[in-house]
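The values are calculated or read from the model by the stated rules, or taken from the named source; none is laboratory data. Because the structure is a prediction, the values reported are computed rather than measured. For neighbour counting, all protein chains shown are included, and Cβ atoms are generated from backbone atoms with ideal geometry for every residue, glycine included.
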Amino acid sequence: MNAPPTIPAPAGMLAELTHRCPLGCPYCSNPLELERASEELDTQTWKRLFSEAAEAGVLQVHLSGGEPCSRRDIVELTEHCAKLGLYTNLITSGVGLTRALFDALAAAGLDHIQLSIQDAEAESADRIAGYDGAFAKKIEIAKWIGEIGMPLTVNAVIHRANAARAGAMVVFAVKLGARRVEIAHTQYYGWGLRNRDALMPTRAQIEAAVAEVESLRETYKGVIVIDHVVPDYHARYPKPCMNGWGRRTFNVTPSGKVLPCHAAETIPGLDFWSVKDHTLGDIWRDSPAFNAFRGVAWMKEPCATCPRKEIDFGGCRCQALALTGDARATDPICYLSPHHAEVVAIATAEPPAEAPHYLYRRMKPLKAPV
Ligand code: SF4
Ligand code: FES
């Protein structure tokens, strides 16, 4: 019999300040039905949340979106977090960030910027982003960041259209002056799942990209830290998604719903409490959604008796749902899952020769998500 899980304090908060974004990346982690500006929490409510987060033990706040710089109060919110002693990380596409706004954010106490890139070549990068000029803008932003010496992380999502330049993106991050680069392979839920056929790389592409990035670790030792997350669909074991459900971090949506992960709303039957009705501390501890998959007592076989269950927590609940229809199932990325063969079939299917056709992430919700 499994003991009830102890509830550790949360360490990180991802504040999705808005779903508005000028880019349309086809692997966006935001939900298919994006929340509109009229639904967003106001400045005072976000400030209250950051104060409650600090009280609950949160150390790091990720100011995210959408594009967080679409919020007119981004400087005021950053300053509030800094005053609370929270480490602030702005996760931005860079598009929409002016020099005046950047200087104001730095003066407000912003600690760190995480800048997304879509590719190491302008034409491809702008096509993936669905936005002409995005690539050039990122180079400009990185220059400003370098001028004041703010720490910069570059993050890149790998998929079929850019896998051949996985190593080039590490080199590009070095040129941009980043101290860290995160090379992540596409996660297939939300917009990524919707675009999976267009995004899925071949196994040969993946093997080449992984080998190239790994070989650069030695080349750039002491220059840049390379965070490289091995692609899910080609792995033997799943990732410990979110470091375990309700263990370390939580997300707040633009309208104030508090989620254990960004795709949690795809799981039917979960009751997500809102910051309009509860404090963050109460939600973290007591809300049904956070307690649904905390610990290991909810697990089915083969996870329930597996020695890895406290290492990967059975993988990703949202992926288990998306691929098996059951959020309690073993993540089918695991080779022990009865559904693993289906993952292998998807990952090894021969992609079409023509350029991928994306359904870009846009604010207008799909009428009938498929
Ligand atoms: Fe992880 Fe479950 Fe697979 Fe074991 S059976 S390795 S706990 S996903
Ligand atoms: Fe929801 Fe992995 S994205 S648990």
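Against the definition (more than 16 Å from ligand 1 (Cβ to nearest atom), more than 21 Å from the chain's Cα centre (by Cα) and either without any contact (Cβ under 8 Å) to a residue 40 or more places away in the chain or surrounded by fewer than 23 Cβ atoms within 10 Å (Cβ to Cβ) (or both)), how does E140 come out, yes or no? Give the derivation first.
Values: more than 16 Å from ligand 1 (Cβ to nearest atom): yes; more than 21 Å from the chain's Cα centre (by Cα): yes; either without any contact (Cβ under 8 Å) to a residue 40 or more places away in the chain or surrounded by fewer than 23 Cβ atoms within 10 Å (Cβ to Cβ) (or both): yes.
Considered against the rule, which asks whether it is more than 16 Å from ligand 1 (Cβ to nearest atom), more than 21 Å from the chain's Cα centre (by Cα) and either without any contact (Cβ under 8 Å) to a residue 40 or more places away in the chain or surrounded by fewer than 23 Cβ atoms within 10 Å (Cβ to Cβ) (or both), E140 comes out as yes.
Determine whether V275 is crowded, with 16+ Cβ neighbours inside 10 Å, within 16 Å of ligand 2 (Cβ to nearest atom), closer than 28 Å to E40 by Cα and of a type in the set (A, V, I, L, M, F, W, C). I'd like the intermediate steps shown before the answer.
Values: crowded, with 16+ Cβ neighbours inside 10 Å: yes; within 16 Å of ligand 2 (Cβ to nearest atom): no; closer than 28 Å to E40 by Cα: yes; of a type in the set (A, V, I, L, M, F, W, C): yes.
It is false that V275 is crowded, with 16+ Cβ neighbours inside 10 Å, within 16 Å of ligand 2 (Cβ to nearest atom), closer than 28 Å to E40 by Cα and of a type in the set (A, V, I, L, M, F, W, C).
List the helices (runs of 4 or more DSSP H) that sit entirely inside region 151-242 and contain at least 1 residues that are at pLDDT 95 or above, under 28 Å from E140 (Cα atoms) and more than 16 Å from ligand 1 (Cβ to nearest atom).
Working: elements: 166-175, 191-194, 196-199, 203-219.
So the answer is 166-175, 203-219.
Which one is farthest from ligand 2 (Cβ to nearest atom), of the residues in region 309-349 that are charged (D, E, K, R) and either part of a helix (DSSP H, G or I) or crowded, with 16+ Cβ neighbours inside 10 Å (or both)?
Here is the first cut: in region 309-349, the residues charged (D, E, K, R) are 309-310, 312, 317, 326, 328, 331, 342.
Now drop any that are not either part of a helix (DSSP H, G or I) or crowded, with 16+ Cβ neighbours inside 10 Å (or both), which leaves 309-310, 312, 317, 328, 331, 342.
Details: K309: 15, E310: 16, D312: 11, R317: 4, R328: 12, D331: 8, E342: 18 Å.
Ranking the candidates gives E342 first.
Checking the conditions here, which among D326, D331 is out of contact with any His (no Cβ under 8 Å at 6 or more places or on another chain) and within 11 Å of ligand 1 (Cβ to nearest atom)? Reasoning before the result, please.
Working: D326 fails: within 11 Å of ligand 1 (Cβ to nearest atom).
Selected residue: D331, the only one of D326, D331 that is out of contact with any His (no Cβ under 8 Å at 6 or more places or on another chain) and within 11 Å of ligand 1 (Cβ to nearest atom).
If you go through region 249-282, how many residues are in contact with a helix residue (DSSP H, G or I) (Cβ under 7 Å, 6 or more places away or on another chain) and either more than 21 Å from P31 (Cα to Cα) or not in a loop (DSSP other than H, G, I, E, B) (or both)?
Looking only at that region, the number is 10.
Among the residues in region 291-304, are any away from ligand 2 (no atom under 16 Å from the Cβ), surrounded by fewer than 21 Cβ atoms within 10 Å (Cβ to Cβ) and part of a helix (DSSP H, G or I)?
We begin by selecting, within region 291-304, every residue away from ligand 2 (no atom under 16 Å from the Cβ); these are 297, 301-302, 304.
Right, trim to surrounded by fewer than 21 Cβ atoms within 10 Å (Cβ to Cβ) and you get 297, 301-302, 304.
This time we only want the ones that are part of a helix (DSSP H, G or I), so: 304.
Scanning region 291-304 turns up at least one residue that is away from ligand 2 (no atom under 16 Å from the Cβ), surrounded by fewer than 21 Cβ atoms within 10 Å (Cβ to Cβ) and part of a helix (DSSP H, G or I).
Scan region 92-109 residue by residue and report those that are within 25 Å of D126 (Cα to Cα), surrounded by fewer than 22 Cβ atoms within 10 Å (Cβ to Cβ) and free of Cβ contacts under 8 Å to residues at least 60 places away in the same chain.
Narrowing region 92-109 to residues within 25 Å of D126 (Cα to Cα): 92-102.
Filter once more, so that each one left must be surrounded by fewer than 22 Cβ atoms within 10 Å (Cβ to Cβ): 95-96, 98-101.
Residues satisfying the conditions are T98, R99, A100, L101.
Among the residues of region 350-370 satisfying the criterion of being among the charged types (D, E, K, R), at pLDDT 70 or above and loosely packed, with under 12 Cβ neighbours inside 10 Å, which is farthest from L23 (Cα to Cα)? Walk me through how you get there before you give the answer.
If we filter region 350-370 for residues that are among the charged types (D, E, K, R), which is where we start, we get 350, 354, 361-362, 364, 367.
Narrowing further to those that are at pLDDT 70 or above: 350, 354, 361-362.
Going one step further and asking which of them are loosely packed, with under 12 Cβ neighbours inside 10 Å, we end up with 350, 354.
On the way: E350: 29, E354: 23 Å.
Per the criteria, the residue is E350.
Is it true that some residue in region 180-195 is of a type in the set (D, E, K, R) and within 16 Å of ligand 2 (Cβ to nearest atom)? Give the steps one after another, and end with the answer.
Residues of region 180-195 of a type in the set (D, E, K, R): 180, 182, 194.
Filter once more, so that each one left must be within 16 Å of ligand 2 (Cβ to nearest atom): 194.
Yes: region 180-195 contains one or more residues that are of a type in the set (D, E, K, R) and within 16 Å of ligand 2 (Cβ to nearest atom).
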